[in-house]
Amino acid sequence: MLRTTLRGLTRTPYYVLTAGIAIIFLFPLVWAAYASVAPRGGSAQAEGFGIGNYVKLLNYDAGLGTYVLNSVIVSGLTVIMTTVVALLAGYAFARFAFIGKNVLFILVLGILMVPSASLLIPLYVLLGSVGLSNSLFGLALVLTMYQLPFSIFMMRISFEAVPAELEESALVDGTTSFGALWYILTPAVLPGIVTIALYAFLAAWNDFIAPLILINDSSLAPLPLAIANLRQQAMGAIDYGVTEAGVVVLALPCVVLFLVLQRFYIKGFMSGALKG
Amino acid sequence: MTTHSVSARAAAAARRPRRRMPMSRRRALLGWAYAAPAAAFVVLLFLLPLLTVSRMSVSDWSLLGGDKGLNAPDNFVDVFREPLLWPSVAFTLEYTVIVGVIVLVLAMLLALLVQESTRWNSVLRTAVLVPSALGLASSSLLFWGLYSPNIGPLNPILQGLGIIDEPISFLGTPDAALWSTVFLIVWRFTGFYMLILMVGLQAIPGDVYEAARLDGAGRIRTYWSVTLPLLRPSIALATVLSVTGSLLAFDQFFILTKGGPDNTTVTIVQLIYRAAFQHFDLGVAGAMSLLVLAALLVINLIQFRLLRAKD
């Protein structure tokens, strides 16, 4: 098949050019890992290579463990709520007809049109009025809402791709719609579920502006907010080694998840891009 | 049931405008039941805040004191009296254009480069995509260290290679701060846009290229007259996403420059944040938010029109 390639690129310059590009893209991450274990006078890792910075990070302020736990809780809640809501809603949009169906779908997509800052400020006040201010659960609710456009869209097209025969034969046999959903359709849309769960996790793990606005108590801060804050901690002298260790802790799960689940990460994209 | 009749029935069902589910009351109620959680989220966490921020924009609403009553149109007047308003709008627009052009051109070049499914191309693709797995805040923190005068490796490396004599202050001057942030964003997002364009490229059937070749079109001509037009939907999507994302930039500037040096890298959303959490004026923050929302809707409408025209 004829492919459009850039004119005049022969083998060797191609490899040199692309190798350069690969190096530029990988360098920052590699450096961060290096800088987190490299010796630096005056830091927790003064002599030789080692994990001194990580050890210091464990005890910084509320301690790395607390921040990681906060992130795990928020991300876990977001993933669970997103998958449940999107699975049910995707099923509804794909298989049922009801009044207001299109309006609801458009409203869901409308979430993408509104800048997050425009919503976070009133959400800060609204959550406060129901006692959910400064809470990880409140944060998870907001993060779930942000995931709804993509996840409901994905689940809808996943369900639509399953032939109607599958659940119809089950319904004829007397199963309820929920039974059909649980035992027959859910296994069929499992790839879609994995994709939206992955995206929900990554979005929740990495979000910065929502925790910044909604969380006041520094011991409740999720990881990105905590690492950003700890730069200002130590009496004027910024501890770069510890910051880099924090960056690595932030980045590692994301990079690992990405490499392991590349298929779902890219597939999720492609559905969105193709239908977009 | 034979395979033939199943697929025939499926094809027939697909051709009918309505699904075979009868719009019976029971079905509709079930549909609502399944959609209810999503509807709850939309109403409580989306529509309600939208109404609230509208109310805020016409009220004297303090972060600490609460709603003190209507004061329209004072908040909007205050927005336009804010000395940093136009500088931040100009900066945000400048930043949006720079990032949009660089990222899209680079993503297009890469998408074209890695089309063949070779082992090396897979490696290259993954290398370019890995940064997009990171969060924006994480990437900003990473580059904050990378650009810092204390531990940043760039100056030692560049000086060691003899490329520069004096160390560069990456975040110390307005221009440097802008371009350093641009570089961060290019690093973080090129893979993402490369993917979008790759999907579009793969959707182009090979016969199209074959026909162009038979017509005697050279590589550049083919690219310009055949590939680009067929890539229009992907380019449109990429442009809308990039412009919207850049206009709303916050995380990277908050972490890298905090709007500095000297308020030269303040973006619109940073202004909103400052109004709410430094000046404690939710009314003005709300007014700004609505203005940004309106501007975004208009800009996206224009983009859709422009990018879909001539079809």
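Pairing each residue of segment B:40-57 that is over 23 Å from A:Met81 (Cβ atoms) and at the interface with chain A (Cβ under 7 Å from one of its Cβ atoms) with any residue that is open to solvent by 40 Å² or more (accessible area, probe 1.4 Å) and not β-branched (Val, Ile, Thr), provided the two are 6+ apart or on different chains, yields C-beta distances under 9 Å for B:Val53/B:Leu290; B:Met56/B:Asp67; B:Met56/B:Leu290.
Would you point out the residue of segment B:251-307, among those that are more than 10 Å from chain A (Cβ to nearest Cβ), among the aliphatic types (A, V, I, L, M) and open to solvent by less than 40 Å² (accessible area, probe 1.4 Å), that is farthest from B:Leu47 (Cα to Cα)? Checking each candidate, the answer is B:Leu256. Among the helices (runs of 4 or more DSSP H) confined to segment A:159-276, the ones with at least 1 residues that are at pLDDT 90 or above are located at A:190-206, A:209-214, A:223-230, A:240-260. For B:Tyr209, the conditions (1) facing another protein chain (nearest Cβ under 8 Å); (2) closer than 28 Å to B:Gly245 by Cα; (3) aromatic (Phe, Trp, Tyr) all hold with the exception of (2).
Can you confirm whether A:Ile73 is in a helix (DSSP H, G or I), within 13 Å of chain B (Cβ to nearest Cβ) and modelled with pLDDT of 90 or more? Judged against the criteria, A:Ile73 is not a match. The single condition among (1) more than 17 Å from B:Ala111 (Cβ to Cβ); (2) in contact (Cβ under 8 Å) with a residue 24 or more places away in the chain; (3) part of a loop (DSSP other than H, G, I, E, B); (4) not polar (S, T, N, Q) that B:Ala287 does not satisfy is (3). For segment B:51-65, which residues satisfy the criterion of being of a type outside the set (Ser, Thr, Tyr), open to solvent by less than 40 Å² (accessible area, probe 1.4 Å) and in a helix (DSSP H, G or I)? Result: B:Val53, B:Met56.
Inside segment B:124-142, can you point out the residues that are closer than 17 Å to A:Ile23 by Cβ and more than 7 Å from every other protein chain (Cβ to nearest Cβ)? Give the steps one after another, and end with the answer.
Within segment B:124-142, the first condition is being closer than 17 Å to A:Ile23 by Cβ, and the residues that meet it are B:124-131, B:142.
Of everything in segment B:124-142, those that are closer than 17 Å to A:Ile23 by Cβ and more than 7 Å from every other protein chain (Cβ to nearest Cβ) turn out to be B:Arg125, B:Thr126, B:Leu129.
Filtered by the rule that a residue be open to solvent by 10 Å² or more (accessible area, probe 1.4 Å), more than 17 Å from A:Asp217 (Cβ to Cβ) and either touching a Gly at 6+ places or on another chain (Cβ under 6 Å) or not aliphatic (A, V, I, L, M) (or both), segment A:122-155 gives A:Ser129, A:Tyr146, A:Gln147, A:Phe150, A:Phe153. Residues that are acidic (Asp, Glu) and exposed (fewer than 15 other Cβ atoms within 10 Å of the Cβ) within segment A:35-92 comprise just one, A:Glu47.
The values are calculated or read from the model by the stated rules, or taken from the named source; none is laboratory data. Note that this is a predicted model, so its numbers are computed, not measured. For neighbour counting, all protein chains shown are included, and Cβ atoms are generated from backbone atoms with ideal geometry for every residue, glycine included. These accessible areas exclude ligands, DNA and RNA; they are computed on the full protein's heavy atoms, side chains included. Shrake-Rupley method; radii C 1.70, N 1.55, O 1.52, S 1.80 Å.
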